[in-house]
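Have a look at the structure below, then the notes.
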Amino acid sequence: MGFRAFVSRRVVTPEGVRPAAVLIDGETMRAVIAPGEIPGDAVREDFGDLVLLPGMVDSHVHINEPGRTDWEGFRTATEAAAAGGYTMLVDMPLNCIPATTNVAALEAKRLAAQGQCRVDWGAWGGVVPGNHDNIVSLADAGVLGYKCFLVPSGIEEFCMVTEQDLRAALPHVARTRLPLLVHAELPEFLGGFSMRDDDWSLYSTYLRSRPAQAEVAAIEFMLSLCRDYGFRLHIVHLATGLALEMLQSARAEGLPVTVETCPHYLRLEAEQIADRATQYKCAPPICSHPNRERLWQGVKDGAIEMIVTDHSPCPEVMKRPGEGNFRDAWGGIASLSLALPVIWTEAWQRGFDLTDIARWMSERPARLAGCHTRKGRIAAGYDADFAVFDPDAEFTVTPDRLYHRHPISPYMGETLRGVVKRTYLRGQLVFRDGQFPGTCAGREFRR
Ligand SMILES: [Zn+2]
């Protein structure tokens, strides 16, 4: 069989946006050429003015299966992903039962994923107290890196680590050369017990209970361990702009540290969050308008290299919608189906372009996950993963646009710019205008 040729006047390549044809041979891109050079026997698919982006890569997703499939699951998470232009997800190790802290648990997750995935996926392993002997075996079994918490994770079976736990684990982590993703807040800064009698229907109460200082101090602590052990440190969901300078000087010093932030920190701000509006609860919390602007400056400077969703859904009842209690509501924002338009809406207004989107939301997360020789760019030799995107169209967020299991979203009712028209996974159409054609062809990407 001959090649297929995907043609568009706006193909987003690492070198810029230009008219091009992408030659596809089965599951792989063979070449990116001028539209006039398409071989005569190639089957053409012409997208006209629609943008051809590389498939988005999300290195921060909570799929919750096996064990908490009533929260989300491989089928619903990967459908939301396909609808959002994503072709590769990396699943966090904590919400599934058993938590992914040893090889048997990883195998249980693989079994649960079988035949259910619309897009490709990979697994992070967990670093928890006492599991340091499993770290190298998890790497040998194919995890892409590790995740740990410095504060309670909200999941009882996935405990936070202390300095002592980390000093036991880090030599093993360093040996694998895989990244350690850290939820960076320190418990001694969190206002737990002392705020028991405060009014938790107020967003300001929640904000006071998790001050930015908790994050700044945790990052400082992790940087000092990075200096001692030389492992690859990755700070997840950076919410405060106050840590940016410290992170930049750590890089200048040569420490192997990377940083992500999330769409909700770049789009939303504390000033707009109504009391009782627990759909906005996440940790660390969404902060002030000036802080949001500092985060955007960090994205612009390159201090923050990537934007990932931290897609973290739960059943509606866990958001405590009736009482609106910010202490007891589950923290987490699900945004796989919306992240690309949310970020494009902001980025376009701020003068960024589609190559920035591809770098922040595809290339850099792929590099973190170690799948950057197959995913993350439109170039010869890469998987034929694409999002077909209309960057000029607008839509209003309604429940039927979300696709994850429980249609809760802080973006409900918002008008966003940019519509994902189609998504292709390794050459196969997996999303088109609200439908999921074809089979569940998603596979695990293993190290
Ligand atoms: Zn998370």
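Quick notes on this one:
- Gain in span if fully extended, Asp301 to Glu27, counting 0.36 nm per residue against the direct Cα distance: 95.1 nm
- As a rough footprinting exposure proxy, the listed residues Thr205, Thr76, Thr258 were ranked by other beta carbons within 10 Å of their own, and the order from fewest upward is Thr205, Thr258, Thr76.
- Computed over the chain: relative contact order in percent, which uses C-alpha pairs under 8 Å that are six or more apart: 22 percent
- Projected label distance in nm at Asp353 and Glu316, using a 7 Å step from Cα toward the beta-carbon: 4.4 nm
- Computed E for Ser288/Ala34 - FRET, C-beta separation, R0 56 angstrom, nearest 0.05: 0.70
- Entry for the chain at q = 0.07 Å⁻¹: log10 I(q)/I(0) = -0.32, Debye formula applied to identical alpha-carbon scatterers, no solvent contribution.
- Of the three principal axes defined by the Cα atoms of segment 292-447, the extents in descending order read 54, 41, 36 Å.
- With the cut-off at under 15 Å, measuring from each backbone N in segment 265-283 to a point 7 Å along the Cα-to-Cβ line of Leu202 picks out 271, 273-277.
- For the chain, calculated [θ]222 nm from helices alone, where every DSSP H run of n ≥ 4 adds -39500 (n - 2.57): -7500 deg cm²/dmol
- With the charge dipole of segment 21-101 set up from +1 on Lys and Arg Cβ and -1 on Asp and Glu Cβ about the Cα centre, the Cα lying farthest toward the positive end among the listed residues His62, Gly48, Thr78 is that of His62.
- Folded to 0 to 90 degrees: helix 212-229 orientation relative to the chain principal axis, Cα: 80 degrees
- Rounded to 10°, Cα long-axis angle of helix 74-83 versus longest principal axis of the chain: 60 degrees
- Cross-link table Lys147/Lys319; Lys109/Lys300; Lys147/Lys421, entries beyond 31 Å C-alpha to C-alpha: Lys109/Lys300; Lys147/Lys421
- Order of Met361, Met92, Met56 under a 10 Å beta carbon neighbour criterion, fewest first: Met92, Met361, Met56
- Count Lys and Arg as plus one, Asp and Glu as minus one, and take only other residues whose Cβ is under 10 Å from that of Glu363; the net charge is then +4.
- Beta bridges by DSSP in the chain, antiparallel share as percent, to the nearest 5: 50 percent
None of the figures in this text is laboratory data; all of them are computed from the coordinates on show. Keep in mind that what you see is a predicted model, and the values were worked out from it rather than measured. Please note: Cβ atoms are built from the backbone with ideal geometry, for glycine as well, and neighbour counts cover all protein chains shown.
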